[in-house]
Structures are given as structure tokens and as C-alpha cells.
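Structure first, commentary second.
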Amino acid sequence: MSDDPDVPVLRASDAEREAVVARLQAAVGEGRLDLDEFAQRAEKAYAAVSRAELDLLVADLPGNAPPPVEIVGQRTPEEVTSVFGDVVLAVAATPPRRAGTVFGDVRVDLRGLRTGEERLDLHVSTVFGDVDVIVAEGVQAELLGRTVFGDRKVELAPVPRLAGTPLVVVHGRTVFGNLRLRSLAPGESPSRWRALMDRLAQGRQLP
């Protein structure tokens, strides 16, 4: 707050407090703040009276994160981020190098990928959400990284590597969420429940 009594103090609204907390959550997902720093700043944000107090909490952070993103079948930007939402990518060209969110899931489906590169490195992260990377059967892939309070799974089909396909290296990080790398056949739904319903529907059609 200003010490000059002639300068009016702009009081903070609930919406402005929530916006600052959302920016702090995005900073956690980006690796700019750790969970302790986030907790301390979020507490101060909710207790802030003026806009000036809120501005100080994000003064060392870049501008607001972009809104939730879903991209299908087109070239993606170098980095895709979200807050309070999922990042869902199904790309046929070069995937983003980084994808992350806070309080949401990240799913990257690379089964339609067409590229001449020998190796693709993908950095994915989320806080309070799951990461799910899908490659086509026969594509060689590796999962690097760690989870905090979550599971780490690699579920690749035991089939020979397809000639001409790249090595996909997934660098993953989750906090309170699972980290998963798997392969699926073309046309198979990435949703476990959708795949189950499809199998049930096929069973009903059998004579």
C-alpha cells in the first residue's frame, strides 16, 4: 500500500485474487515456482487487500498463461500450456517440444505422426493431473522422468519396430498424477471407457 494519503488505494477484487492464484499455478507447471513457494504466495494472494499487493506476488513471473488448448491434425506451436484445463493434442506434423498444464491432464496422440526426423524429444508435465502419450504400434519410444505421488507406466506393444519411424523420447514430470507411455493400434480409442464400449458393441453384433 502507498504511504501517501493523497494516493487512492485500488482494492483487489475476488476475481483478481483468483487470477493471480491461477498464474501462480501455471508457474508451478512451468517449473518457475516449487510447491512451497506456490503455497506461500497463494496464501498472501487470498489475504491481499490492494492490487499493489497482488502485483508484487507475480512481479517476477512472465505474463498470463494462455487458455486451455486442444489441437488436432495441424502443426502445433513449440510450447502448449494451460491452467485449470486439459491439453489434448493429436498431431500429424511435428509435435510441440513442450506441453503442460496445472489442474488438468495432458494427452498427446502421435499415431498419425509423419516426419523424416530420426528422433523426437517431447517434454510434458502437469500438477494435479495425468500425462498420457500415445504412439503407434511398432514405434520405438522411451519414457524418462519421474512422478511425485503418482504411478509411472510404459505399455508398448511387443511388435518389431517399423522401418522409417522415429525414436520418440518422452521427458515427463507429474505431481499428484500418473505418467504413462503406451502404444495403440490405428483407430483404437485412447479412452479406456470408449474402448470398452466399442468392444461390447462388437460383441452384441456377433451371431
Three semi-axes of the equivalent ellipsoid, region 87-139, Cα gyration tensor, whole Å, largest first: 21, 11, 9
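Highest mean first, how do 172-179, 40-47 rank when packing is the count of other Cβ atoms within 10 Å averaged over residues? Kindly include the intermediate steps, with their values, before the conclusion.
Values: 172-179: 21.6, 40-47: 15.4.
Sorting 172-179, 40-47 by mean packing, highest first, produces 172-179, 40-47.
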Kirkwood Rh, angstrom, region 83-185 [1 / mean 1/r, Cα pairs]: 13.5
Under 17 Å from the V169 label point (7 Å along Cα→beta-carbon), backbone N, region 98-130: 98-99, 117-125
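All of the numbers you see were taken from the coordinates with simple rules; none came from a lab. Everything numeric in this text was worked out from a predicted model, so none of it was measured. Cβ: placed from backbone, ideal geometry, glycine included. Neighbour counts: every protein chain shown.
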